[in-house]
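The values are calculated or read from the model by the stated rules, or taken from the named source; none is laboratory data. Quantities reported herein were computed from a predicted structural model and do not represent experimental measurements. Positions of Cβ are backbone-derived with ideal geometry, glycine not excepted, and every protein chain shown enters the neighbour counts.
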Amino acid sequence: MLIDNESELILFDMPPQIMTQLRNYDIDETCIQNVLFTHRHDDHIAGARYLFQRRKQKGFQELNQINAYMSESTYRHLQMRFSKLDHYGSPVPFENVDCEMIQSYKRFSIGTLTITPLETNHLRMKQSTDECFGYLIETVNGITISYLLDAGSDIPDRTLEIMRESNLDLLITDCTFLSSDNPGHMDLKRVRALQKEVNPGRMIISHIGHSNNTHDTLVQNLVESGIEVGFDGLTIIL
Ligand SMILES: [Zn+2]
Ligand SMILES: [Zn+2]
């Protein structure tokens, strides 16, 4: 997800296909000033290699610094993952990337936006102590958005409470599976339950796995609930 706040471009996660996505939608990667990582899984961080490498090729000394926000466990993983040599025979450049450690429920600001990291149980299911953050994003105009990938079942009470009390204008959550016993991700039943629990103004599913239904079938399944089905290139104006 990319937020354009007029004064800032804020990217959430870097999937492996990040450069293709930026090119497809004509976004100049050198304008991205802030990146927030949710967690350490490759479908959320692997694109860091390509984006940072590309900035190096363009002469990163002259480019703006990137502020990258993440939990300490995600930071440790990024360092381990990208300190290895890449296929050009050099470590992935972290020069000009300012890594900021963030903590559960501790608010911080990016420009005029206020961000709160919300804990999920995505990584806790396998007894890991590593964090997976969703985010609450608040604008100065009182617009509230929650971005909750990968949520997992059994979302912590405090996260649910914050989302309920924020009267969300928009909730974006994963719907990785159609239905599943996998406790680390959301499925259709959990998505519907979360809508009832949090009652957002608008709700969009994303991070839809290949084993899930097709886009059109999901739209049909969800039309009554008002939940929308996300797709590549979706633009939301709030
Ligand atoms: Zn994950
Ligand atoms: Zn994921």
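Residue under question is residue 104, and the condition is that it be within 16 Å of ligand 1 (Cβ to nearest atom) and either in contact with a helix residue (DSSP H, G or I) (Cβ under 7 Å, 6 or more places away or on another chain) or free of Cβ contacts under 8 Å to residues at least 40 places away in the same chain (or both); does it hold? It would help to see each step written out before you state the result.
Working: within 16 Å of ligand 1 (Cβ to nearest atom): no; either in contact with a helix residue (DSSP H, G or I) (Cβ under 7 Å, 6 or more places away or on another chain) or free of Cβ contacts under 8 Å to residues at least 40 places away in the same chain (or both): yes.
For residue 104, the condition - within 16 Å of ligand 1 (Cβ to nearest atom) and either in contact with a helix residue (DSSP H, G or I) (Cβ under 7 Å, 6 or more places away or on another chain) or free of Cβ contacts under 8 Å to residues at least 40 places away in the same chain (or both) - is not met.
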Considering only residues that are polar (S, T, N, Q) and over 23 Å from residue 123 (Cβ atoms), look in region 47-75 and name the one that is modelled with the lowest pLDDT. 61
Test set (1) in contact (Cβ under 8 Å) with a residue 12 or more places away in the chain; (2) surrounded by fewer than 22 Cβ atoms within 10 Å (Cβ to Cβ); (3) not acidic (Asp, Glu) - residue 176 fails condition number: (2)
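Filter region 193-210 for residues that are buried (at least 17 other Cβ atoms within 10 Å of the Cβ) and either of a type in the set (Lys, Arg) or part of a strand (DSSP E or B) (or both); which is farthest from the chain's Cα centre (by Cα)? Can you show your working first?
The first filter runs over region 193-210 and keeps only residues buried (at least 17 other Cβ atoms within 10 Å of the Cβ), leaving 194-195, 198, 200, 203-208.
Now restrict to residues that are either of a type in the set (Lys, Arg) or part of a strand (DSSP E or B) (or both): 203-206.
Working: 203: 15, 204: 13, 205: 12, 206: 10 Å.
Per the stated criteria, the residue is 203.
Identify, please: which residue in region 28-46 is assigned to a loop (DSSP other than H, G, I, E, B) and under 9 Å from the mean Cα position of the chain (by Cα) and is, among those, farthest from ligand 1 (Cβ to nearest atom)? First the steps, then the outcome.
Within region 28-46, the subset assigned to a loop (DSSP other than H, G, I, E, B) is 28, 32-33, 37-41, 46.
Applying the additional criterion that residues be under 9 Å from the mean Cα position of the chain (by Cα) yields 37-39.
On the way: 37: 11, 38: 8, 39: 6 Å.
Of everything passing the filter in region 28-46, 37 is farthest from ligand 1 (Cβ to nearest atom).
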Checked region 163-190 for anything within 17 Å of the chain's Cα centre (by Cα) and within 16 Å of ligand 2 (Cβ to nearest atom); matches are 172, 173, 174, 175, 176, 184, 185, 186
Cβ pairs under 8 Å, 6+ apart, first in region 183-196 and within 16 Å of ligand 1 (Cβ to nearest atom), second part of a helix (DSSP H, G or I): 183/125; 184/125; 184/126; 186/194
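Would you confirm, using the coordinates I've provided, whether residue 44 is in contact with a Cys (Cβ under 7 Å, 6 or more places away or on another chain), within 16 Å of ligand 2 (Cβ to nearest atom) and in contact (Cβ under 8 Å) with a residue 12 or more places away in the chain? Full working, then the answer.
On the way: in contact with a Cys (Cβ under 7 Å, 6 or more places away or on another chain): no; within 16 Å of ligand 2 (Cβ to nearest atom): yes; in contact (Cβ under 8 Å) with a residue 12 or more places away in the chain: yes.
No; evaluated as a whole, the condition is false for this residue.
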Output yes when any residue across region 32-46 is surrounded by 17 or more Cβ atoms within 10 Å (Cβ to Cβ), modelled with pLDDT under 90, among the hydroxyl-bearing types (Ser, Thr, Tyr) and assigned by TED's automatic domain parsing to the domain that holds residue 1, and no when none is. no
Any residue at all in region 168-189 that's on the phi > 0 side of the Ramachandran plot, in contact with a helix residue (DSSP H, G or I) (Cβ under 8 Å, 6 or more places away or on another chain) and modelled with pLDDT under 95? no
Scan region 131-146 for residues that are assigned to a loop (DSSP other than H, G, I, E, B) and either closer than 10 Å to residue 238 by Cα or of a type outside the set (Asp, Glu) (or both) and jot them down. 132, 139, 140, 141, 142, 143
Subset of region 149-168, residues touching a Ser or Thr at 6+ places or on another chain (Cβ under 9 Å), closer than 15 Å to residue 116 by Cβ and not polar (S, T, N, Q), comes to 155, 156, 158, 162, 163, 168
Hey, does region 231-238 have a residue that's in contact with a strand residue (DSSP E or B) (Cβ under 9 Å, 6 or more places away or on another chain) and within 16 Å of ligand 1 (Cβ to nearest atom)? no
Suppose the filter is in contact (Cβ under 8 Å) with a residue 12 or more places away in the chain, assigned to a loop (DSSP other than H, G, I, E, B), away from ligand 2 (no atom under 16 Å from the Cβ) and under 26 Å from residue 3 (Cβ atoms); does residue 160 pass it? no
